[in-house]
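Worksheet: one structure, shown below.
The values are calculated or read from the model by the stated rules, or taken from the named source; none is laboratory data. Only a predicted model underlies this, so the values are computations on that prediction, with no experimental measurement involved. Backbone-built Cβ (ideal geometry, glycine too); neighbour counts: all protein chains shown.
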Amino acid sequence: MLSLVSCAAGPYDPAPQILPEHIKKVYVRPITNNTNRYGLEAKFTNAIVDEILRDGRLSLVNSANEADGILTGTIKKYILQPLTYDANMVTEQYKMWIIISVSLVDRENNVTLWTEPNLEGIQIYLDATKGSFGEGMTEEEAREIIWEKLSRDIVKRTIKGFGSVSSASERRVPN
């Protein structure tokens, strides 16, 4: 007779890679922008800074020399794709897709603690002029939602570590 024994421990749950204890102060290097959209980098850098301040578990410093950890990032792709059209072929709904690369460097040990090479933010929205009940939004409002989501993911990834956020496969990134 064959019997199976199961462990009562439950499903596999890997130990998280928590931020090293010596990292208390972070510097957010200004985000670089590799797209043809002007001004994205400043708004995104500000969103990350605001999220770190809102979270409160790390101190924010003004230079890399004062920091224990350095956050760096690049906006790699900005795609605004029309999804639906009205009877006159005017776009009603859009899909905004922003892909960034971001990493955290331990300045003391000169080691990259984590990197997310293709972190993506997606927002589908109805054009502001098409919403009959105020449900539409502008491109800028959609971008602000993406900055907020991405900055939350970055701070979560920084503090909670591995497995809390994952990048998109490079094969999914359109040229």
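Restricted to segment 23-58, and to residues there that are part of a loop (DSSP other than H, G, I, E, B) and among the basic types (Lys, Arg), the residue that is nearest to Glu120 (Cα to Cα) is Arg37. Scan segment 59-77 for residues that are touching a Lys or Arg at 6+ places or on another chain (Cβ under 6 Å) and part of a loop (DSSP other than H, G, I, E, B) and jot them down. Of everything in segment 59-77, those that are touching a Lys or Arg at 6+ places or on another chain (Cβ under 6 Å) and part of a loop (DSSP other than H, G, I, E, B) turn out to be Val61, Ala67, Asp68.
Provide a single number: the residues in segment 53-100 that are at positive phi and either modelled with pLDDT of 95 or more or in contact with a Leu (Cβ under 7 Å, 6 or more places away or on another chain) (or both). Explain how you work it out, then say what you get.
So the first thing to find is which residues in segment 53-100 are at positive phi, and the list is 56, 89.
Filter once more, so that each one left must be either modelled with pLDDT of 95 or more or in contact with a Leu (Cβ under 7 Å, 6 or more places away or on another chain) (or both): none.
Of the residues in segment 53-100, 0 are at positive phi and either modelled with pLDDT of 95 or more or in contact with a Leu (Cβ under 7 Å, 6 or more places away or on another chain) (or both).
Summed over segment 65-78, the residues that are surrounded by 15 or more Cβ atoms within 10 Å (Cβ to Cβ) and more than 15 Å from Val102 (Cβ to Cβ) give a count of 3. Condition first: among the hydroxyl-bearing types (Ser, Thr, Tyr), out of contact with any strand residue (DSSP E or B) (no Cβ under 9 Å at 6 or more places or on another chain) and surrounded by fewer than 20 Cβ atoms within 10 Å (Cβ to Cβ). Can you find one or more residues in segment 35-51 that meet it? The answer is yes; a qualifying residue exists. Every residue in segment 85-144 that is more than 23 Å from the chain's Cα centre (by Cα), in a strand (DSSP E or B) and exposed (fewer than 12 other Cβ atoms within 10 Å of the Cβ), please. The one that is more than 23 Å from the chain's Cα centre (by Cα), in a strand (DSSP E or B) and exposed (fewer than 12 other Cβ atoms within 10 Å of the Cβ): Tyr85. There is no residue in segment 32-39 that is touching a Leu at 6+ places or on another chain (Cβ under 9 Å) and under 17 Å from Leu104 (Cα atoms). Pairs meeting the criteria (first residue in segment 73-98 and more than 30 Å from Thr115 (Cβ to Cβ), second residue part of a strand (DSSP E or B) and among the aliphatic types (A, V, I, L, M), beta carbons under 9 Å, at least 6 apart or on different chains) are Leu83/Ile124; Thr84/Leu126; Thr91/Leu83; Glu92/Leu83; Glu92/Leu126; Gln93/Leu83; Gln93/Ile124; Gln93/Leu126.
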